[in-house]
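Notes for the one structure printed next.
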Amino acid sequence: MRSFTSVTILTLCFGSAPAAAQQPESASVLRYASLNGNIRGELHMLPPVSTGPMSPAWSPDGRWIAFAMAGDIWRVPAGGGPAEQLTRGPWYHFEPSWNPDGSRIAMTVETGEGLDIALLDVASGAVTPLVEGGGIDIQPAWGPEGRFVYFTTAGRGLDIHRVEVATGAREAVVEDGGSQYQPRVSLAGVLVYMAAAAGVSGSGGIWTRDLAGGEPVLVRAEETAYRARPDWLPRGDGLVYVSDEAGSNDLVLIAADGGNPLRLTGGPSHELAPRVSPDGRNIAFVSNENGPTELHVMAVSGGARSSWHTLDVGDRRHAGPMGVLRGRVVGDDGEPVAARVSVVASDGRGYSPRGAFHRVLSPTETHYFRTTGDFELELPAGPFTVSVRRGVEYRPITANLDVRADGAADARLELDRLVDAPAAGWYGGDTHVHDLHQGRYGLSHQEFVDALVSEDLHVSIALIHMDGTRLMGRWDDLTGRPHPLSTDTHILQYAQEFRGSFGHVGLAGIGEFITPLIGGAANTPFAADPFNGDYLEAARAAGGTVGFMHPFTGRVDTPDAVGGTEIPVDAALGLADFYDVICFWYDELRNAEIYYRLLNAGFRLAATGGTDNFSDVWRDPGPGASRTFAHLDGPLSVDAWLEAIRERRTFATNGPLLFLTVDGRLPGSEIRVPGGHAGERGVVVEVASNSPLDRVEIVVNGEVAEVHDARGRGDRFRVESRVGLEGSGWIAARALGPYSPLVPDSYAFAQTSPVWVVAGGRDYRSEDDIRFLLAAVQSFRERVVERNRWVSEADRERFLSRVDEAARVYERLLAGL
């Protein structure tokens with residue numbers, strides 16, 4: 001039984017409510033709901049606003065190469081020369097494809113309502129919508145006769161349609177279930193496209209289909225990440241595509257009927273978006289070897305890096321009047337400081353410096369870039385807005401300015417602290433960031449560290465893992481020590497994420513990989529279901545700090561729903577230190593609901609936040625969208641920060657800062673009271689938040705004991721109350737706020753770890769929650785038995801013995817009530 005009383009001081013109490021109730025209005029963290037939750041599709045496949053060239057396309061006469069850059073379509077002479085801007089705002093323009101006579105270019109446009117297909121008249125610059133609807137219509141490709149434009153559309157999955165240009169009539173071409181995408185049509189009328197291939201992980205194999213009739217033919221099956229983009233040789237006897245089988249994305253040539261592929265490029269950089277010239281002699285493509293993509297041409301037979309002809313697009317002929325913004329971001333000491341910057345020009349679009357990594361935050365569609373302090377960029381003449389953010393401890397800046405045609409505007413942007421958390425011993429970090437994750441930008445270690453510093457992350461745990469059979473990261477980065485680019489105030493350390501069949505776990509503070517890096521991965525030697533607890537135990541034995549990453553992605557209202565993960569098992573076995581209540585991709589209140597159940601069963605876990613961002617992907621929140629603040633008693637170090645997590649001196653947040661004390665004790669503390677009555681406890685919450693808040697809640701034993709109205713109280717305020725406990729229990733605080741451009745998530749949320757009150761030497765336990773978690777373990781057992789994905793009977797028995805051991809823990813807890 002949950003038993004407490006509450007008395008409010010200085011604030012208005014609105015009564016009690018179930019801890020998971022009253023969810024704020026929110027926006028999805030995915031921009032395009034029509035992808036049906038396909039996070040990888042949104043991050044890896046959709047076209048980016050890039051500061052370097054993307055998606056090259058040859059004109060039919062071979063004189064020009066069109067490409068996308070900075071939100072527009074440009075063209076450059078194939079032999080080199082000035083780049084000419086062909087489109088202008090307010091839309092963003094991507095993925096050009098010339099029609100057979102060279103007079104028009106089909107392209108993807110982002111209109112603010114969705115991704116559509118439009119036609120550009122090259123001579124006049126006029127843009128005409130061709131496929132509209134506000135969903136996802138991308139990857140246009142002309143048919144050889146110029147009558148149809150083929151494209152990829154999102155519905156139940158991804159399908160290939162075509163539209164008749166003259167009439168606008170639209171029809172399906174490939175709708176075979178699952179997803180099919182990246183169409184290209186040969187001169188002979190044969191379609192090549194990507195679609196699933198049996199027995200192969202990833203996003204699909206290469207298929208061809210004669211549009212005049214016939215069955216699809218599988219040309220090549222290999223693991224991909226939406227990067228293949230096959231293109232025909234003009235004779236129709238071969239295909240050029242992108243393969244990552246050698247560890248990076250390289251260009252590969254293969255016969256149209258399959259066989260052995262010929263690798264045309266190599267090395268650590270990514271070569272992407274190949275397009276074969278009309279005469280079949282050359283390939284235009286982009287490479288990220290220097291960070292932002294660059295445009296190259298090479299022989300269709302391949303060759304050494306020195307044989308590539310790089311087309312310089314720095315000499316640009318803009319379609320309208322432009323100006324220059326010169327900016328400097330300074331901290332409270334007046335010195336340049338790293339920050340996140342958003343510039344919105346008179347055409348309503350976001351702009352970034354040349355060579356910067358242009359990115360967008362999906363929930364708010366905020367376009368941004370990062371600076372180490374000084375920056376310069378071109379933008380259309382007229383009024384514009386510049387906004388600056390640096391983490392959650394500085395107040396945001398917004399300035400409205402103007403720039404004349406061929407003129408320059410100078411902006412000194414001075415940051416003001418909202419709060420100095422380190423001065424009070426609190427250091428913010430992120431338990432779950434990734435640097436390399438199949439992105440199209442060539443992210444260096446220095447740029448990664450600069451991004452972390454721009455978010456004022458004092459500790460960043462960058463996790464290396466395998467996605468399918470592809471390593472996301474670098475083997476040599478895991479050392480168990482801070483990266484050499486770390487400073488006294490901002491530390492990067494690499495760690496491991498293990499992605500098993502029944503949840504993902506973070507293994508921080510280890511110096512060597514715990515192998516194998518994958519388990520439960522179909523079509524690999526490691527297809528058997530592993531026990532995540534083995535990885536947690538091994539990391540603990542190596543001195544690591546371990547926990548549950550983005551714990552629940554869907555419903556949590558039934559034991560069957562929760563039994564889809566190993567979390568109730570591992571928690572009962574005492575194998576975890578922390579629980580990511582906050583993760584950008586998933587719902588915080590749902591994850592908090594199970595966090596409270598685990599606490600009510602007596603499992604003391606730290607409340608943490610980890611973003612799970614892909615730092616080299618353009619449509620991504622960036623590090624620090626979900627944060628962990630940990631309280632240190634001494635100087636900052638990774639070891640001290642992880643120790644604070646193990647001792648549960650934490651709170652998790654996507655923006656609001658909550659500094660909780662109970663009787664002057666920090667989260668993670670235990671207050672021991674002789675006898676069975678715990679009495680009243682003084683609760684103080686110091687609140688600081690750049691984003692609006694609706695309420696601050698005091699949570700006792702998993703239920704909301706008090707609701708304090710936070711509306712209109714400014715960006716810093718204090719909540720004080722006294723909470724009475726009849727017996728043992730735990731007390732925590734959380735804050736909730738509405739969807740806001742100042743929150744890199746769908747709503748504002750923060751959650752502290754508890755302070756435990758132990759009366760009469762007995763911890764608080766909830767029978768209802770223990771029974772719920774026991775039922776979840778039983779459901780989990782039924783699920784894994786039905787899957788029966790073990791190599792041997794001994795593996796099966798050992799796995800199930802650990803599950804049964806966890807069930808006995810819950811049974812003993814029930815017996816002890």
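The values are calculated or read from the model by the stated rules, or taken from the named source; none is laboratory data. Given the structure is predicted, the values throughout are model-derived calculations rather than measurements. Cβ: placed from backbone, ideal geometry, glycine included. Neighbour counts: every protein chain shown. Heads up: the accessible areas ignore ligands, DNA and RNA and are worked out on the full protein's heavy atoms, side chains in. Shrake-Rupley method; radii C 1.70, N 1.55, O 1.52, S 1.80 Å.
Brief remarks follow.
- Relative contact order (%) - the range 714-785, alpha-carbon pairs under 8 angstrom, separation at least six: 28 percent
- DSSP bridge analysis restricted to the chain gives an antiparallel fraction near 85%, rounded to the nearest 5.
- Rel. contact order, % - alpha carbon contacts under 8 angstrom, at least six apart, the chain: 11 percent
- Over the range 298-339: Rg over Rh, Cα atoms, Kirkwood Rh: 1.32
- Across the options A592, A197, P635, the greatest Cα extent toward the positive end of the charge dipole of the chain (unit charges at beta carbon of Lys, Arg, Asp, Glu) belongs to A592.
- Solvent exposure of the range 554-598 amounts to 22 Å² per residue of accessible area, where only protein heavy atoms count and the probe is 1.4 Å.
- Ranked from largest, the principal axis spans of the Cα set of the chain equal 90, 69, 50 Å.
- Integer Hz, Karplus 6.51/-1.76/1.60 couplings in order for the range 226-233, x for Gly and Pro: 6, 10, 4, 6, x, 9, 7, 6
- For the range 117-132, putting each phi into the Karplus relation 6.51 cos²θ - 1.76 cosθ + 1.60 with θ = phi - 60° gives couplings of 10, 9, 10, 10, 7, 4, 6, 9, x, 5, 10, 10, x, 10, 10, 10 Hz, in residue order, rounded to whole numbers and with x for Gly and Pro.
- Accessible surface for the range 622-765, divided over its residues, is 29 Å² per residue with a 1.4 Å probe.
- Dipole in debye (nearest 20) - the chain, about Cα centre, beta carbon charges: Lys, Arg +1; Asp, Glu -1: 240 debye
- Cα centroids of the range 219-239 and the range 776-815: 45 Å apart.
- Based on Cα atoms of the range 104-161, Rg over Rh with Rh as the Kirkwood radius reads 0.98.
- Taking every DSSP beta bridge that has both ends in the range 558-673, the antiparallel portion is near 55%.
- Euclidean distance between Cα centres, the range 83-139 to the range 240-314, Å: 25 Å
- When a 1.4 Å probe is rolled over the protein heavy atoms, the share of accessible surface on the chain that falls to carbon and sulfur comes to 48 percent.
- If you take the alpha carbon atoms of the range 518-636 and fit the smallest convex hull around them, that volume is 162 Å³ per residue.
- Relative intensity, log₁₀ I(q)/I(0), of the range 486-581 from a Debye sum that treats every alpha carbon as a point, q = 0.17 Å⁻¹: -0.77
- Neighbourhood net charge (9 Å Cβ-Cβ; Lys/Arg +1, Asp/Glu -1) for V200: -2
- Per residue, the average separation of C-alpha pairs within less than 8 Å and at least 6 apart gives the range 451-501 a relative contact order of 44 percent.
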